[in-house]
Each structure stands twice: as structure tokens, then as C-alpha cells.
Amino acid sequence: MSDFNLPRILNRLQKGHPVEKNEIKYLLGLSDPSDISLLFTTARNVRLKFFGNKIFLYGFLYFSTHCRNDCRFCQYRRSNTMLPRYRKTKKEILIAAGEMADAGVHLIDLTMGEDPELYSSGKPGFKSFVGMIKSVREETKLPVMISPGTLPEKILVEIAEAQVTWYACYQETHNPVLYKYLRQGQDFKKRLAKKERAKRLGMLIEEGILTGVGETIDDLADSIIWMRGFPVDQARVMTFVPQAGTPMAKIMPQDNLKEQIVIAVMRLVLPDRLIPASLDVGGLDGLKARLEAGANVVTSIVPPQKGLAGVANHCLDIEDSRRTLDHIIPILKTCGLAPAMPKEYQVWIENRQNALTRSSSRSSAEKKKRT
Ligand code: SAM
Ligand code: MD0
Ligand code: SF4
């Protein structure tokens with residue numbers, strides 16, 4: 001018999017009381033369908049309290065699939081020579097971003113591999129990258145997220161000056177041993193330090209973890225606690241999708257349930273934060289389940305006929321236009337949800353940025369007092 005009382009833990013979380021790691025682990029390990037259903041209902045109630053029935057929508061633009069890294073889980077790893085690569089021109093990027101903005105997304109997520117053309121040539125290579133981001137912001141009038149990998153310090157500063165709202169850089173796990181296996185050849189602390197630096201520069205931070213890669217419940221709990229402590233502004237989990245041509249190709253794929261449970265636990269532990277339901281893993285058919293677990297952002301909306309790829313799934317639902325608002329909005333409706341107004345998203349961002357500025361000036365005032 002477990003010593004934990006599910007209704008009591010959920011009730012405390014709903015009232016905003018902090019919970020301990022062993023309680024988070026207990027929630028992550030739930031297996032009884034009625035317990036899981038209660039977890040999801042509570043997560044939806046908490047989402048309703050903080051966000052009403054409004055959902056944010058992110059357009060996704062994977063503009064370069066070249067990468068110098070060799071992440072074991074990723075089809076775009078350097079050693080996968082089977083995969084054709086592309087690098088979109090500024091014009092192509094602006095057309096695709098403009099189309100998504102016209103369709104009604106709230107943000108443009110500009111993502112790339114650690115493209116050697118930029119990373120090896122240093123500042124000159126990044127010059128056009130910074131210019132391109134500015135143009136996307138100016139022309140779409142939308143907030144921008146960048147997911148470019150571990151940018152050099154100077155470029156991170158330029159990006160912040162260019163008023164990029166979000167820096168996304170996923171650790172995948174906060175267990176350094178598992179990290180070393182997954183992000184082969186990349187420094188654990190360096191990746192964490194980029195997020196800290198970007199936060200100090202005033203950007204909002206998205207953190208992400210993978211499930212189905214050999215992590216334990218203890219690892220998942222540590223990640224959620226890390227996200228609470230950092231604190232991150234958007235928290236993501238995605239189920240690992242095995243990729244041909246990679247060392248993890250033969251790993252048994254995991255179903256979506258664990259991802260849903262992690263989404264629900266994140267919603268309870270990080271109630272006011274943004275939590276994506278990514279179309280990249282289970283496509284349109286996987287959207288409802290993720291929303292019902294408490295997610296409040298639909299990500300990986302991709303326009304068709306542009307030759308653009310996804311990350312976890314290279315082409316799932318893209319060319320048949322199923323990652324578009326026409327298909328997504330009816331699903332929101334079946335969940336009693338609706339797209340937010342663009343203004344509502346902008347207000348959320350401003351409030352979050354203001355709250356972070358207030359808390360950082362409070363903590364530096366406290367530091368001064370102590371010295
Ligand atoms: N290259 C940049 C980087 O790695 O930070 C940007 C790309 S990043 C947004 C790609 C993310 O997609 C990874 O961090 C990982 O979380 C996820 N991903 C990659 N391959 C995946 C796979 N096979 N299954 C599920 N998620 C995957
Ligand atoms: C997504 N494929 O939203 C994208 C990607 C990068 N910031 C996000 C993983 O699912
Ligand atoms: Fe490159 Fe990012 Fe894929 Fe790693 S996850 S191989 S850094 S594109």
C-alpha cells in the first residue's frame with residue numbers, strides 16, 4: 001500500500017502549495033486509469049484557472065537542417081549521411097513566416113541544427129542569421145522564438161538586443177550521465193550556462209526533456225524540479241521517436257501516455273507556465289490527448305508546399321496540410337478550448353517579462369543589503 005493520498009496531493013497542488021520530490025515521483029508513476037484520469041482533470045482545472053480556455057499557437061520554421069553535432073536520438077545528427085539537408089534562403093523564410101502570421105499563429109519559432117556554415121565561420125556566418133531574425137520580427141509583427149543551439153556569447157547578446165522573445169535550448173534530461181549519452185560530445189554545463197545567460201539578457205526560456213530514452217522516474221522528477229527552480233517560462237516534454245540511420249533506431253517506441261502524465265505533472269508544478277502540445281511527435285491525431293493532459297500551446301504548426309521538415313517526424317502531417325490552423329481549431333473546439341487573441345499572447349509575455357524584471361531587481365537589492 002502506498003503512503004500517498006492522491007486527492008490530498010492534487011488538492012494541495014491546486015491550492016498552490018509546493019510539493020516534495022517524492023510526491024512528484026508518485027504522480028509520475030501513476031498507473032491506475034482512474035488515478036491518471038483524476039490527474040488529467042486536475043491539470044485541466046489548473047490550466048482553466050491560469051489561462052481560461054485560451055490556447056496559444058506557434059508556427060515552426062526549421063530553416064536549416066545542417067548540423068555539426070551528433071545527438072544520438074536525432075535524425076539530423078552529423079553522421080546520418082542518408083538524410084538530404086536543406087538551408088532556406090531569407091526570402092523563403094520570410095514567405096513561410098508571413099503565411100503563418102496571416103493564418104493567425106501567435107509566434108514564429110525559428111529553428112536550425114548547429115549549422116556548420118554559421119558555427120564554423122563565427123561572426124560573419126551569424127551576421128545574416130541575426131538580420132533574418134530581425135526581418136521576420138519586423139515583417140510578421142509577431143514575437144519570435146529561436147532554437148539555434150548553443151550560440152556564441154556575442155551572438156546571444158545581439159539576439160537579445162534584436163528583441164527576440166524566447167531562447168529555446170533543450171537539455172533533454174538533467175541527469176548528466178544520460179545527457180552525455182544522448183547529446184554525445186556536448187558539454188552539459190555549457191548548455192545550462194547558455195540558458196542562464198540568455199535569461200540574464202532578458203529572454204524568456206523554454207526548457208525541454210525527452211521521454212522514452214531510458215530515463216527513470218527519478219530523472220523526470222529532477223527535471224521538473226530543475227525547471228521550477230530555474231525558473232523556466234515554457235516547459236516541454238516530447239516522446240522519443242526512433243530514427244532510421246541513428247544509433248537509437250532500434251529502441252522500442254514508447255506510447256504517448258508517459259508524455260501526457262509528464263505534461264499534467266508539469267502543469268501542476270508549474271501552473272502559470274506555458275506547456276506545449278507538439279504536433280511533431282504524434283501529429284494531428286495526437287493533439288487532443290496532449291491538450292487533455294493540460295498543455296496550453298500548440299507547437300510545430302508548419303505550412304505545406306514549402307519543403308519544410310519537422311524534427312521528431314521529418315514529414316508527418318506537413319504536406320497534407322494537417323499541421324495548419326484549419327485542422328487544429330476544430331480539435332481545440334472539441335476540447336472546449338479556443339485560440340487566444342494575439343493581444344492575449346502579447347500581454348502574457350509582457351506580464352512574464354515584467355515579473356522577471358521585478359524579481360531580479362528585488363534579488364539584487366537584497367544582495368546589496370546583505371553586503
Ligand atoms: N539544433 C538545435 C538544438 O538541438 O538545440 C535546435 C533543434 S532542437 C529544437 C530539436 C529538439 O527536438 C531536440 O532538442 C529534442 O528535444 C527534439 N528531438 C530531436 N529528435 C527527436 C526524436 N527523434 N524524437 C523526439 N524528439 C526529438
Ligand atoms: C516543436 N518541432 O515545437 C518543434 C521543435 C523547437 N523550439 C521546437 C521541437 O515540436
Ligand atoms: Fe543537431 Fe539539434 Fe539534432 Fe542535436 S538535436 S543533432 S544539435 S539538430
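Every number in this text was worked out from the coordinates using simple rules, so none of it is lab data. All values derive from a computational prediction rather than experimental measurement. Counting neighbours? That spans all protein chains shown, and the Cβs are built from the backbone with ideal geometry, glycine included.
Things worth noting here:
- Taking the charge dipole of the chain about its Cα centre, with +1 at Lys and Arg Cβ atoms and -1 at Asp and Glu Cβ atoms, the residue from 30, 239, 51 reaching farthest to the positive side is 51.
- The residue 127 and residue 102 beta-carbon pair, evaluated with R₀ = 30 Å, returns a calculated FRET efficiency of approximately 0.60.
- Potential lengthening between residue 3 and residue 196 on full extension [0.36 nm per residue; Cα-Cα distance subtracted]: 65.7 nm
- Volume of the Cα convex hull of segment 1-158, divided per residue and given in Å³: 197 Å³
- Bridge type composition, segment 21-344 - antiparallel percent by DSSP, nearest 5: 5 percent
- Full-extension gain in nm, residue 367 to residue 92, via 0.36 nm per residue minus C-alpha separation: 94.2 nm
- Segment 249-371 - Rg (one decimal) and Dmax (whole number), Cα, Å: 18.6, 61
- Applying the criteria of a DSSP loop state and at most 12 other Cβ atoms within 10 Å to the trypsin sites (Lys or Arg not before Pro) of segment 281-371 yields no site.
- Label point at residue 82 placed 7 Å out along Cα→Cβ; residues across segment 238-256 whose backbone nitrogen lies under 11 Å: 243-250
- Pairwise label distance in nanometres, residue 161 with residue 333, each label 7 Å out on the Cα-Cβ vector: 4.8 nm
- Spin-label model, residue 305/residue 250: points 7 Å from Cα along the beta carbon direction are separated by 4.3 nm.
- Under a model in which nothing but the beta-carbon of Lys, Arg (+1) and Asp, Glu (-1) is charged, the chain shows a dipole of about 1300 debye around its Cα centre.
- Neighbour net charge for residue 244 - beta-carbon separation under 14 angstrom, K R +1, D E -1: +3
- For residue 187 and residue 21, the difference between the fully extended length at 0.36 nm per residue and the C-alpha to C-alpha distance is 57.1 nm.
- Each Cα pair under 8 Å and six or more residues apart adds its sequence gap; the mean of these over the residue count of segment 123-200 is a relative contact order of 28 percent.
- Using just its DSSP H runs of length 4 or more, each adding -39500 (n - 2.57), the chain gives a mean residue ellipticity at 222 nm of -14500 deg cm²/dmol after division by all residues.
- Taking every Cα-Cα distance in the chain and sorting them into 10 Å bins from zero, the calculated P(r) comes out as 5, 24, 35, 26, 8, 1, 0 percent.
- Note: relative contact order over the chain, using C-alpha pairs below 8 Å and six or more positions apart, is 21 percent.
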